Structure formats: C-alpha cells, structure tokens
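The values are calculated or read from the model by the stated rules, or taken from the named source; none is laboratory data. As the structure is a prediction and not an experimental result, all values here were calculated from the model. Note that each Cβ is placed from the backbone with ideal geometry, even for glycine, and that neighbours are counted across all protein chains shown.
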Amino acid sequence: MKSSKIIFAGTPDFAAASLQALLDNGYNVCAVYTQPDRPAGRGQQLQISPVKSLALQHNIPIFQPQTLKNPEAQTQLADLKADLMIVAAYGLLLPKAVLDAPKLGCINVHASLLPRWRGAAPIHRAMLAGDQMTGITIMQMDIGLDTGAMLLKMECPILPTDTGETLHDKLAAMGGKALISSLKKWETLKPEVQDGDLATYAKKIDKSEAQIDWNLSAVEIDRQIRAFNPYPVAQAEVNGLLLRIWKAQLLDVKTKNQAGSIICANKNGLDIATGDGVLRLLTVQQAGKRALPVGDFLNAHPDWRT
C-alpha cells in the first residue's frame, strides 16, 4: 500500500491530522484536493485551508475545484491514475464517477461510530445527545451519505469535562491512527455493512442552537455549553444581560426557583436555576469584552453579588 498512489481530499484541521499521519508514515500522496480559499476574519482576506497549508509545505500538487460534478473536474482527477482516494471532512460531494476513478475506490475518515451520526456534525451531535462513547470509523465510500461499508472502528469515550474542542482534537488524532491502521491491514480488512435501522443524522450546526433555554435541565444546558465551545459558543440572558457562557459546572442541588434566576453569585460562580437542577457558570463573556472568570466579572458588576 505504501507504493500506491493516494489522493487525499480534506479541508479543516480534522482532515490535516490524517494527511499528516500519511506523510509521517511514508505514504505516497500524489495530490491533495481541498476547498477553494475563502474570505475570513474581519478583513475578509482569503485564507487557505489547514490541508492546503500542509500540502504546500510538502510540495504536493493541490486541486481546489468548486465542484466535482462537472466532467472537466472528473477527468482531471481520473488522469491522476490514483490507486486510492482518502477523504476526511472535505466538504464536497463525490459523484459516482469520482468514487469509481481510483482502482481501490474511496475511503472516508468519519468522526463517529457509524451508523450513529452520519452527516456533517457528528462531534457536536454526540455531545448534545449525551453519548458516552464516540470514535472514528474508516468507511468504504458509496453514493449515500456515510452509508458505505465499515472497514475499521476505534472508540473514544466522551468525558464529562470534554468540550467540542477537546473532543475534536482527540478524534482528529485518532482519525490519523485509525487511517494508518486500516492501510496497514488493508489486505485483511473485512467490510461490514451498516445497519440502517440504527442510523442517526448529524445535521449541520445552526448558530441558533447555541441560544440557551433555562427551562431545559441543567444536564442538557451543560452539554450545550461544552459542545459549542469554542464555536458557536452558548449564550443566554442572565439578569437582563446577554452573556456568552464558556464554562459551567453541574451542581448536585435541587431548587424551586424560577428557571433562569440567580440563586447565588460570588467568586465561586453564578448559580442559575434551570428547569431541572442548578448550573454554576464559571467563565462568561459580555458582548464586546473578553471572557472572564465569574469572580472577575462580578468585580465589574458588584450589584449582582448575593
């Protein structure tokens, strides 16, 4: 497999970890496909993807088509005469002509234990659902959405302290390891058909989902805060002020106070009543200001102290 010609397709940091693993292990990456450069930041300057940045460092030919649906792009890819195409968080659909182009087809590095959480946001959805386990699935791609046969799985526990960022980073590293393991075992891998009855859909995250409803339980809100750290960051109205909530802590306390009301406010945190239980806010951010530990935030809002 190391002598095989591999096309790698991916865009964000998650994908870059798999590309780095291929390069570190001496695999022959003949081309990289990644999303076109996009304007980003306040200045809306064009920014290259993490995968493109890594490809540039290693002088790998880069292709950035807007789509793979047109014949020109498909011919260009087929002319590379690759043995295998590896896809990780690429962001473009692969039509059948592309899936069939490499001799060994296309495989995907997916951040869930398929068939659970097919789709765009498996990390967030697993956390929001309260899953205790997730992982990586190396999958043989077909024309469906994450429906192909599973080649290899690695499990990753979701800890009560995990955030969207920490879980992403663990799964990105695990994705690279799982990919290399699958390539090393290629001749002995036994494809496993997914049970469609167990499938769940991880739809793309909408910013509106980061708005906290204090009528939900403390457990649900805690998952929301952790899942949306660092993006899009959970936010809620507290004492009439809209705050971004970066860090919170579940308290083993019951209350009959109205949901959203402050039970206690001191250097230890802001204790907020929810629809079921109490949540202690530890790090908050007011619009236009930096994130602060609640103790520091209360120094600027002494009237909140109880």
- Go through the stretch 53-73 and give me each residue that's in a helix (DSSP H, G or I) and closer than 22 Å to Lys2 by Cα. Leu54, Ala55, Leu56, Gln57
- Message: Can you pull out every residue in the stretch 196-242 that is farther than 16 Å from Gly277 by Cβ and acidic (Asp, Glu)?
- Response: Asp197, Asp206, Glu209, Glu237
- Item | Criterion: β-branched (Val, Ile, Thr), out of contact with any Gly (no Cβ under 9 Å at 6 or more places or on another chain), surrounded by 14 or more Cβ atoms within 10 Å (Cβ to Cβ) and farther than 30 Å from Ser4 by Cβ - qualifying residue of Val233, Val253 | Val233
- Item | Flag if Arg290 is surrounded by fewer than 14 Cβ atoms within 10 Å (Cβ to Cβ) and at pLDDT below 95 | no
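Quick check on this structure: which one of Lys254, Lys207 is farther than 17 Å from His124 by Cβ, free of Cβ contacts under 8 Å to residues at least 40 places away in the same chain and either of a type in the set (Lys, Arg) or in contact with a Phe, Trp or Tyr (Cβ under 7 Å, 6 or more places away or on another chain) (or both)? Even if it seems obvious, please write down each step before you answer.
Numbers: Lys207 fails: farther than 17 Å from His124 by Cβ.
Matching residue, one of Lys254, Lys207: Lys254.
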- Task: Return the total of residues in the stretch 62-77 being of a type in the set (S, T, N, Q) and either over 19 Å from Cys30 (Cα atoms) or not assigned by TED's automatic domain parsing to the domain that holds Ala31 (or both).
- Result: 3
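Could you tell me which residue of the stretch 43-52 is farthest from the chain's Cα centre (by Cα), considering only residues that are modelled with pLDDT of 95 or more and not in a helix (DSSP H, G or I)?
Narrowing the stretch 43-52 to residues modelled with pLDDT of 95 or more: 48-52.
Then drop every residue that is not not in a helix (DSSP H, G or I), which leaves 48-49.
Numbers: Ile48: 19, Ser49: 15 Å.
Here the answer is Ile48.
So how many residues does the stretch 120-151 have that are in contact with a Gly (Cβ under 7 Å, 6 or more places away or on another chain) and assigned to a helix (DSSP H, G or I)?
The initial filter retains those residues of the stretch 120-151 that are in contact with a Gly (Cβ under 7 Å, 6 or more places away or on another chain), namely 123-124, 127, 136, 139-142, 145-146.
Filter again for assigned to a helix (DSSP H, G or I), leaving 123-124, 127.
Residues in the stretch 120-151 being in contact with a Gly (Cβ under 7 Å, 6 or more places away or on another chain) and assigned to a helix (DSSP H, G or I): 3 in total.
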- Across (1) part of a strand (DSSP E or B); (2) closer than 20 Å to Asp197 by Cα; (3) in contact with a Pro (Cβ under 6 Å, 6 or more places away or on another chain); (4) of a type outside the set (Val, Ile, Thr), Ser112 clears everything bar (1)
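Every residue, every condition in (1) within 30 Å of Gln258 (Cα to Cα); (2) touching a strand residue (DSSP E or B) at 6+ places or on another chain (Cβ under 8 Å); (3) surrounded by 20 or more Cβ atoms within 10 Å (Cβ to Cβ), yes or no:
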| site | (1), (2), (3) |
| --- | --- |
| Met154 | no, yes, no |
| Ile158 | no, yes, yes |
| Glu165 | no, no, no |
| Gly175 | no, yes, yes |
| Leu183 | no, no, yes |
| Asp197 | no, no, no |
| Val219 | yes, yes, no |
- Message: Filter the stretch 276-306 down to the residues that are touching a helix residue (DSSP H, G or I) at 6+ places or on another chain (Cβ under 8 Å) and of a type outside the set (A, V, I, L, M, F, W, C) and list them by number.
- Response: Asp276, Gly277, Thr283, Gln286, Arg305
- Query: Taking the stated definitions as given, is Asn215 part of a loop (DSSP other than H, G, I, E, B), crowded, with 20+ Cβ neighbours inside 10 Å and either on the phi < 0 side of the Ramachandran plot or out of contact with any Asp or Glu (no Cβ under 6 Å at 6 or more places or on another chain) (or both)?
  - Reply: no
- Task: Mind listing whichever residues of the stretch 74-104 are within 21 Å of the chain's Cα centre (by Cα), at pLDDT 95 or above and either part of a loop (DSSP other than H, G, I, E, B) or among the β-branched types (Val, Ile, Thr) (or both)?
- Result: Ile86, Val87, Ala89, Tyr90, Leu94
- Got a sec? Which of Ala300, Ala248 is touching an Asp or Glu at 6+ places or on another chain (Cβ under 7 Å) and small (Gly, Ala, Ser)? Ala248
